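Since every read-out is calculated from the coordinates, none of them should be taken as a lab result. The model shown is predicted, which means the values in this text are computed figures rather than measured ones. As a convention, Cβ positions derive from the backbone with ideal geometry for all residues, glycine included, and neighbour counts pool all protein chains shown.
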Amino acid sequence: MLHIEALPAFTDNYIWLLTRDGGSAAAVVDPGDPDVVLAALAVRGLTLDTVLITHHHRDHTGGIARLKAAFPQAAVPGPAGERIAGLTRRLVEGDQVEVLGARFRVLDVPGHTAGHIAYVGAAPDAAGVLFCGDTLFAGGCGRLFEGTPEQMTASLAKLAALPGDTRVYCAHEYTLANLGFAAWVEPDSPALLARVADDAARRRRDEPTVPSTLALERATNPFLRVREPAVIAAAERFTGQRLATDSEVFWAVRHWKDTEYD
């Protein structure tokens with residue numbers, strides 16, 4: 001059985017550690033801090049087999065060099081469209097990669113960065129697993145540092161089209177702040193109020209709020225709800241104009257969060 005564990009890093013990052021029952025090999029996703037990974041491997045007596053990378057930002061790639069020095073045999077697949085030192089394989093949408101015997105397919109999800117990719121697990125034991133880096137967050141999405149609103153809207157729609165029970169392993173603990181903004185957009189949403197209460201209770205217990213599920217994101221994340229009348233109305237009130245396309249609604253909501261909430 002494939003196990004996925006959150007390794008907290010920096011102030012709010014999660015590095016995902018993958019292991020198998022009784023196995024001695026491990027994989028990690030987006031290891032910005034090598035010390036966190038090396039300590040976890042040492043405590044568990046594990047050897048690093050694979051390092052999955054979603055995009056080029058330093059808090060996701062900063063550990064590659066030291067991890068490769070410690071485990072030269074480790075594979076380091078990552079996005080073909082980004083300049084990342086140390087990759088052993090460059091991936092584009094449609095590619096597949098094997099991780100500890102589990103298969104993952106690659107999706108191109110530009111927007112946060114120009115070449116961002118995501119990994120979607122395949123049956124049997126990785127089905128329903130999504131490593132999405134900083135494209136989709138619990139209750140939110142990544143800022144547009146390099147991509148366009150049209151690209152990010154399409155990327156989020158691509159992820160939202162996955163099955164509802166897909167578990168969203170994003171890379172940051174931003175959930176409560178994201179949900180606070182979501183409540184600006186849809187203040188009367190019962191699903192959102194229930195989620196805020198549940199996730200706040202998790203944080204009080206010092207538990208991660210991720211993974212969430214795509215069904216929960218579709219019900220409460222304003223960036224996946226750009227076709228919902230309440231979200232459209234809120235975005236139009238913010239801009240003071242009619243919005244004709246999904247990407248216009250998305251960008252209005254993203255700009256609203258960037259300028260008035262964050």
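When the chain is modelled as a GNM with alpha-carbon springs shorter than 10 Å, which of Asp21, Asp188, Asp108 fluctuates the most?
Asp21
Averaging sequence separations of C-alpha pairs under 8 Å and six or more residues apart, then dividing by the length of the chain, give the relative contact order as a whole percent. Please list the in-between numbers first.
Values: 543 pairs, mean separation 33.0, N = 262.
Relative contact order of the chain: 13 percent.
What helices does the chain have that are whole DSSP H segments, at least 18 Å long along their own axis by Cα, and with mean Kyte-Doolittle hydropathy of -0.5 or more?
TM-like helix candidates: 190-204.
Under a 5 Å amide H to amide H cut-off, with H placed in plane at 1.01 Å, what residues pair with Thr47 once short-range neighbours are removed?
Ala25, Ala26
Among Phe145, Phe104, Phe250, determine the one that fluctuates most according to a GNM of the chain built with springs between C-alpha atoms less than 10 Å apart.
Fluctuation is largest for Phe145.
Average the reciprocal distances over every distinct pair of alpha-carbons in the chain, invert the result, and give the Kirkwood radius in Å.
Working: mean 1/r = 0.0535 Å⁻¹.
By the Kirkwood definition, the hydrodynamic radius is 18.7 Å.
Hey, in the GNM for the chain with a 10 angstrom Cα cutoff, which one of Ser247, Ser24, Ser155 fluctuates hardest?
Answer for the Gaussian network model of the chain: Ser24.
Fewest first, what order do His116, His60 take by the number of other Cβ atoms within 10 Å? Before the final figure, lay out the partial values.
Details: His116 30, His60 26.
Ordered by Cβ neighbours within 10 Å, fewest first: His60, His116.
Could you derive backbone 3J(HN,Hα) for region 122-136 from the dihedral phi with the Karplus parameters 6.51, -1.76 and 1.60 (θ = phi - 60°), listing whole Hz in sequence and x where the residue is Gly or Pro?
Coupling constants for region 122-136: 10, 5, x, 9, 10, 4, x, 10, 10, 9, 10, x, 10, 6, 10 Hz.
Would you please name the trypsin sites (Lys or Arg not before Pro) within region 57-117 that are DSSP coil residues with at most 14 other C-beta atoms within 10 Å of their C-beta?
Working: sites: Arg58, Arg66, Lys68, Arg83, Arg89, Arg90, Arg103, Arg105; in loops: Arg83.
For trypsin sites (Lys or Arg not before Pro) across region 57-117 that sit outside H, G, I, E and B with at most 14 neighbouring Cβ atoms in 10 Å, the list reads Arg83.
Calculate the spin-label point distance for Tyr261 paired with Ala230, positioning each point 7 Å from the Cα along the beta-carbon direction, and give it in nanometres.
1.4
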